[in-house]
1. Please give the charge dipole size of region 152-217, origin at the Cα centre, charges +1 on K and R Cβ atoms and -1 on D and E Cβ atoms. Round to the nearest 20 debye.
2. Could you sort 292-304, 335-347 so that the peptide with the highest average Cβ count within 10 Å comes first and the rest follow in order?
3. Mind checking which aspartates and glutamates have their Cα closer than 14 Å to the Cα of K526? Skip sequence neighbours fewer than 8 apart in that chain.
4. Could you sort the peptides 565-576, 478-489 by per-residue average Cβ neighbour count (10 Å cutoff), highest mean leading?
5. Please report, in Å, the Rg and the Dmax of region 495-537, where both are computed over Cα atoms only.
6. How do L552, L610, L381 line up, fewest other C-beta atoms within 10 Å first?
7. At 0.36 nm per residue, and after removing the present C-alpha to C-alpha distance, how many nm does the segment from N364 to E212 gain when stretched out fully?
8. Taking a ≥ b ≥ c as the square roots of the eigenvalues of the Cα gyration tensor of region 446-519, is the shape rounded (a/c under 1.5), prolate (a/b larger than b/c) or oblate?
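What follows draws every value from the coordinates through simple rules; no lab data is involved. Every value quoted in this text rests on a predicted model; they were computed, and no experiment measured them. All Cβ positions, even for glycine, are placed from backbone atoms using ideal geometry, and neighbour counts span all protein chains on display.
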Amino acid sequence: MNIKSKTKTPFPTKQQIRTFIEDSDGPVGKREIAKAFNIKGANRIPLKKLLKELVVEGGLEQGRKRELSPKGTLPAVAVIEMTGLNEDGEALAKPVNFDDATSPPVIYLVQDGKTKTKAPGKGDRLLARLSRSKDGTYDARVIRALQTATGPVLGVFTKVAKGGRVQPTDRKLKKEIVIREENSEGAQSGEVVLCEILPGKALSLPEGRVRERLGPMGDAASVSLIAIHAHGIPSEFSPTTLKEATSAQPVSLGSRTDLRDIPFITIDPADARDRDDAVWAAADEDPKNKGGWQIIVAIADVAHYVRSGSALEKSAKERGNSVYFPDRVVPMLPHELSSDLCSLHENVDRPVMAVQMWFDADGNKLRHKFMRALIRSRASLTYRQAQNAWEGHPDEATELWSKEVIQPLYKAHEALKKARMKRQPLDLELPERRIEMGEDGFIKAVHKKHRFQAHMLIEEFMIQANVAAAETLNKLRHPCMFRVHEPPSADKMQGLHEVLREMNISFAKGQVMKTEAFNRILGQSKTENDKELLSSLVLRTQSQAVYSPNNLHHFGLNLQNYAHFTSPIRRYADLLVHRSLITALKLGDGGLENTDADDFEDIGVHISGLERRAMIAERETNDRFTAVFLVEKVGETFSAKVSGVTRAGLFLTFDDTGADALIPISTLGQDYFRFDADKHTLVGERTGQTYRLADRLTVRLKEVNIVTASMIAEIADGTARSRSEKSGNAKRQTSNRRSQSRSATARPVKKKKKTMPKGKKRALRKKRND
């Protein structure tokens with residue numbers, strides 16, 4: 001016998017109601033709250049009073065329909081504006097109307113194929129239905145398009161009847177642009193053009209006008225030109241700047257320290273376009289420093305030529321850094337300086353800022369001193385030449401200097417390696433690739449970069465020189481543009497903890513973050529795949545290094561004092577450090593002006609942004625050249641690594657070329673895949689099939705778009721399915737679930753007794769009788 005409980009449901013507290021509202025997908029009304037807490041009859045009156053008190057107390061706000069939501073949240077339906085794609089390829093948006101003082105919440109556009117509108121582009125405005133996630137972000141489903149973006153757009157022109165179409169080179173812009181014949185400026189099919197968007201109807205393709213014709217897309221020169229124009233990178237010097245550069249003269253010894261008798265050499269990549277640094281090492285003859293070494297790093301004295309207030313100075317500050325493309329370089333300084341007077345070519349006198357450093361047998365720096373000097377490099381070597389000479393295979397260029405110069409450099413590096421191992425900088429092995437260009441200006445091949453000990457030698461020498469510069473300016477309390485790399489944030493560490501727990505790798509939560517801890521994680525990887533996964537995850541936790549006058553230290557290198565000193569030809573930050581050293585150490589003209597020091601904070605933000613711009617432009621250009629290289633390989637299979645897992649699908653990096661491609665989530669199979677951001681996985685709801693970061697896949701290249709440099713791939717083992725097949729299976733599965741749901745709640749039906757055909761009955765009876 002069932003007895004109904006007479007226990008009364010307790011009236012909810014303010015905190016319980018607040019939590020219920022905060023955990024809801026969107027605004028909720030009094031009816032939903034009453035239903036959730038089983039509030040009936042007369043209890044609705046005190047509920048109404050309590051809700052009013054919650055609004056007055058703050059933290060909640062009431063919408064037009066008297067629905068409640070946490071303060072600063074968005075309504076269920078709102079106008080949003082597309083802002084582009086994040087690094088994982090997810091479409092992002094922001095609310096058009098947001099009055100809260102804090103930053104607006106992140107909105108992810110859900111592209112489920114149900115909306116009838118075309119894919120929106122950056123700047124497009126949409127009416128969307130929003131649902132809030134527990135992490136404070138929103139998912140948006142488009143109701144209808146409202147307005148398209150305006151502004152200059154770079155794209156490739158295609159002629160059609162009575163005009164043409166422009167396909168934007170920016171893959172974030174999804175819509176083609178219609179160009180009427182009178183607005184085409186005579187552009188021909190395949191030309192790269194810059195066009196402006198004209199006002200038009202919200203639901204139609206945008207209409208534009210060609211403002212500038214940049215050349216044919218088929219021309220290799222246009223590939224890097226696209227990035228130069230798209231990112232606003234200055235590529236031409238003003239007449240005044242060029243005049244100052246061409247009037248510059250070689251430097252005489254004067255009051256400089258004469259180091260021309262010391263046999264310096266330069267070691268650079270084979271395709272180096274400038275030579276900032278020269279090096280020399282020898283055993284320390286001081287008996288108190290047995291087994292110790294002295295090293296001199298000489299850096300081009302750019303400050304002698306580029307003075308504060310000059311046109312050269314203004315141009316260098318505007319550019320911030322040189323930008324390197326496979327087929328060209330956009331230099332920070334004119335050719336007359338960057339490739340000639342400031343470049344440390346062999347057998348010519350060149351002015352330098354030099355730092356002499358003394359190290360003990362274990363690689364610990366004992367002391368250092370800076371000087372303004374004149375040197376004469378003896379040889380311009382490549383990394384491979386230096387390595388071959390060290391390994392006993394010198395060529396004609398290195399044979400003369402192998403014993404006297406190259407061997408002491410490597411022996412000094414052996415000592416520095418001991419101190420580096422003790423310091424434990426972040427030890428990530430990330431593959432790098434070199435693009436080899438053919439005579440036609442396009443990619444001939446893509447090679448993995450070989451990392452010799454010569455690379456590590458020069459890298460460590462430069463790090464020590466950079467440390468010496470930062471220590472000197474810090475000690476003398478002079479302005480310094482530090483290179484800052486802050487420790488990972490707690491938010492970024494959360495995902496790493498999740499994956500490490502699954503891999504049974506111990507990592508104490510809440511511990512003080514040190515590079516040594518990350519290196520221990522990397523050392524625990526049991527397979528090559530695990531090592532790649534961990535390297536990718538550790539890299540994703542790292543913050544972006546920036547320039548700042550505030551010494552916040554360098555986490556990745558595990559150094560308290562660090563600044564960029566060794567590349568003033570191509571980095572404005574290094575030039576500022578040179579000037580400050582000249583002033584602090586009273587090394588002559590060309591030092592730091594007081595007005596420059598006052599602006600260090602703003603300059604740090606400025607040049608950090610320009611560095612980021614250069615990195616993006618270089619990456620996009622490499623992608624576009626690689627797309628041109630692979631366009632004839634559509635249909636071929638490749639070995640690839642999963643480099644990103646998102647709601648959109650799997651991002652891949654091809655092993656041989658480093659090319660990036662996407663496997664859309666709709667083609668992964670018949671299952672419904674759920675995205676886990678913390679674990680970097682896509683997991684099949686029905687089958688449990690899991691794809692995760694760093695997985696190895698064999699894929700087939702399905703589509704290459706050289707205009708946007710985007711590529712689509714599919715899994716090559718035949719398990720991929722089309723969107724329509726997936727949709728059909730999903731509908732059948734939904735239908736089956738609904739049928740099961742109905743049968744679970746319906747009245748039981750008496751099963752019919754199974755009957756057997758008469759002929760079969762007789763046969764069985766006869767068999768028993770026999």
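1. 260 debye
2. The peptides rank, most packed first, as 292-304, 335-347.
3. Of all the aspartates and glutamates, those that pass the test against K526 - Cα under 14 Å, at least 8 places apart if same chain - are E502.
4. Put in order of decreasing packing, that is 565-576, 478-489.
5. Rg then Dmax for region 495-537, in Å: 9.8, 28.
6. Details: L552 13, L610 22, L381 25.
So the residues, fewest neighbours to most, are L552, L610, L381.
7. Length gained between N364 and E212: 49.0 nm.
8. Taking the square roots of the gyration eigenvalues as a ≥ b ≥ c, region 446-519 is oblate.
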